[in-house]
Amino acid sequence: MTDRDLSRKFLALLEERRGLLLPGAGCALAARVIAETGFDALYITGAGIANTLHGVPDIGLVSLSEVTANITSMREACPDLPIFADGDTGFGNAVNMYRTVQLYERAGANAIQIEDQLFPKKCGHFAGKAVIDAGEMVDKVKAAVDARRDENFVIVARTDSRAMLGLDAAIERVHMYHEAGAQATFVEAPQTLEEIERVAKETPGLKILNIVHGGKTPMPTMEQIKAWQFSGVLYANAALQASIRSMSHVLGHLKAVGSLAGVEDQLANFAERQRVVDKARFDALEERYASKANAG
């Protein structure tokens, strides 16, 4: 399946408006687990890359080249899964945004999320955020639309203005971003179920919801999500949070007991680990290209 095919597939899934689950991956191994679990698409989380790659918080410390490299790795690891990638602020102004979209699409992404925070950005559920002027973000959306080669490559425009300007201003902003060409819109961090319902009813285009365990947004049921016709639901940090908890528990046990006895059921066995990283495919390639001379 080509990247263009995957972009069309992802857009079609969003257009069903059935709350497509979008788990986040911060590395190619997490992407492989998402694919193995049977999800229809994956989200590349900038926060996950910051936490996983560098062990730092999501405060704008990850570079464009680092995210692009991770897109390439995850595309290679998951060749048949649509990839929705976190584009932060586009790493600068509208010209930077233009180049970001070009690099993301070339690396194998099928959609990009862009946001109206002031660069460098922060996690959408942190305090102390700031947003740029709505007109400047409109220019960024237009640049993103112009930069893509495939019209089915999805531009998702996010606003973080709920925290500073209120929900009415946030809804007004995403209307502007939709008019500028974004197929999908995204109000970050609504704080009640009533606010989530307002976002669903009053914002244009395909709609994305972000659920962060421990964050500012409550967790609606899937029945509510479908009734409100959200196109996709991000669980950007679920795999990351689960891995932190599991690693801490198993390694804490190892430190206290001196062995893994008693926690074996919380570990992937050797065969499972090799299956997740698709070792059988590499074994087959090795067999295919091994010379008879080497075999002897």
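Considering Cα pairs under 8 angstrom that are at least six residues apart, work out the relative contact order of the chain and quote it in whole percent. With pairs under 8 Å counted, the relative contact order is 19 percent. Treating each Cα of the range 57-110 as an identical point scatterer and summing with the Debye formula, the log10 of I(q)/I(0) at q = 0.20, 0.23 Å⁻¹ comes to -0.68, -0.86. For the range 190-248, the Kirkwood hydrodynamic radius from C-alpha pairs, put into Stokes-Einstein at 37 °C and a viscosity of 0.692 mPa s, yields a diffusion coefficient of 265 µm² per second. Placing pseudo-labels 7 Å out from each Cα toward the beta carbon at VAL95 and ILE244 gives an inter-label distance of 3.8 nm.
Annotation: for a label point projected 7 angstrom from Cα along Cα→Cβ of HIS175, residues of the range 113-155 with backbone N closer than 16 Å are 134-135, 138. Prolate is the label for the range 244-295. Its Cα gyration tensor axes, ordered a ≥ b ≥ c, give a/c of at least 1.5 and a/b above b/c. Taking the number of other C-beta atoms within 10 Å as the exposure measure, put ASP86, ASP265, ASP150, ASP168 in order starting with the fewest. Ordered by Cβ neighbours within 10 Å, fewest first: ASP265, ASP168, ASP150, ASP86. Once the gyration tensor of the Cα atoms in the chain is diagonalised, the equivalent ellipsoid follows with semi-axes of 34, 24, 18 Å, ordered largest first. As a rough footprinting exposure proxy, the listed residues LEU267, LEU240 were ranked by other beta carbons within 10 Å of their own, and the order from fewest upward is LEU267, LEU240. When each of SER231, SER246, SER73, SER7 is scored by the number of other beta-carbon atoms lying within 10 Å, the sequence from fewest to most is SER246, SER73, SER7, SER231. Excluding same-chain neighbours fewer than eight residues apart, the lysines reachable from LYS207 by a Cα-Cα span under 28 Å are LYS9, LYS121, LYS122, LYS129, LYS140, LYS142, LYS216, LYS226. FRET efficiency for the pair ALA268 and ASP146, taken as 1/(1 + (r/R0)^6) with r the Cβ-Cβ distance and R0 = 30 Å, rounds to 0.10. Annotation: extensible slack from ALA261 through ASP133 equals 40.4 nm (criterion: 0.36 nm per residue apart, minus Cα-Cα distance).
A cut-off of 5 Å between modelled amide H atoms, ignoring neighbours fewer than 5 places along the same chain, links LYS207 with THR185, SER231, GLY232. For the residues PHE270, PHE230, PHE153, a GNM of the chain with alpha-carbon springs under 10 Å puts the largest fluctuation on PHE270. Temperature 4 °C, viscosity 1.567 mPa s: under these conditions the Stokes-Einstein estimate for the range 178-296, based on its Kirkwood radius over C-alpha pairs, is 68 µm² per second.
For the range 71-148, the dipole from Cβ point charges (+1 on Lys and Arg, -1 on Asp and Glu) about the Cα centre works out to 100 debye, to the nearest 20.
Just so you know, all these numbers are worked out from the coordinates, no wet-lab data involved. No experiment lies behind these values; they were computed from the predicted model shown. Quick reminder, even Gly has a Cβ in these numbers, built from the backbone with ideal geometry, and neighbours come from all protein chains shown.
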